[in-house]
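To keep things clear, I will list the structure first and then write my remarks on it.
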Amino acid sequence: MIELYVDGASAGNPGKSGIGIFIKGEGHHIQLSEKIAPTDNHSAEFQALIRGLEETAKLTTGIVSVRSDSQIVVSAVDNEFVKNATYKKYLAEILTIAEQFDYFFIKWIPTAENRAADALAKKALHMP
């Protein structure tokens, strides 16, 4: 089983943004910190999940357990629905990638339990 922790950060609305991805399990321990185009925080959270799933798909087609501190992202994926038109394209991409895995789970966790991904996302805000 692969555990995927994701987080997005934005300094402004929209503003400078970054994503943090922490992947562990099945012998993997991967940390990614990437700058993304300026956006709002929710969009950054969705983009972090997409990017994390893309990386995870390179490692396994088996069981993937995602953890995020973004209630909007977790709710959207759980319900396969989001009202905001901007987020609909992100959700569609997430659901398409998730179909590649034998089992896909997503769970909301408090920010305190998502420190690794949070630190990576904040680090990305300061990248050139």
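The values are calculated or read from the model by the stated rules, or taken from the named source; none is laboratory data. In this text, all values refer to a predicted model and were calculated from it rather than measured experimentally. Please note: Cβ atoms are built from the backbone with ideal geometry, for glycine as well, and neighbour counts cover all protein chains shown.
Worth pointing out:
- Residue within region 75-95 that is over 16 Å from HIS42 (Cβ atoms) and part of a helix (DSSP H, G or I) present: yes
- Taking every residue in region 44-63 that is within 19 Å of ALA76 (Cβ to Cβ) and modelled with pLDDT of 95 or more and pairing it with any residue that is part of a loop (DSSP other than H, G, I, E, B) and basic (Lys, Arg), at least 6 positions away or on another chain, yields no pair with a Cβ-Cβ distance below 8 Å.
- Residue match in region 23-42 (condition: crowded, with 23+ Cβ neighbours inside 10 Å and within 10 Å of the chain's Cα centre (by Cα)): no
- Every residue from region 14-23 that is more than 12 Å from GLY52 (Cβ to Cβ) and assigned to a strand (DSSP E or B): GLY15, LYS16, SER17, GLY18
- Residues that are free of Cβ contacts under 8 Å to residues at least 40 places away in the same chain and part of a strand (DSSP E or B) were ranked within region 26-38; the one that is nearest to LEU120 (Cα to Cα) is ILE30.
- Members of region 108-123 that are of a type outside the set (Val, Ile, Thr), assigned to a loop (DSSP other than H, G, I, E, B) and within 13 Å of the chain's Cα centre (by Cα): ASN114
- When ALA11 is tested against (1) part of a strand (DSSP E or B); (2) crowded, with 20+ Cβ neighbours inside 10 Å, exactly one condition is not met: (2).
- Residue check for ARG51: surrounded by 14 or more Cβ atoms within 10 Å (Cβ to Cβ) and part of a helix (DSSP H, G or I): yes
- Residue check for GLU99: farther than 23 Å from LYS123 by Cβ and of a type outside the set (Ser, Thr, Tyr): yes
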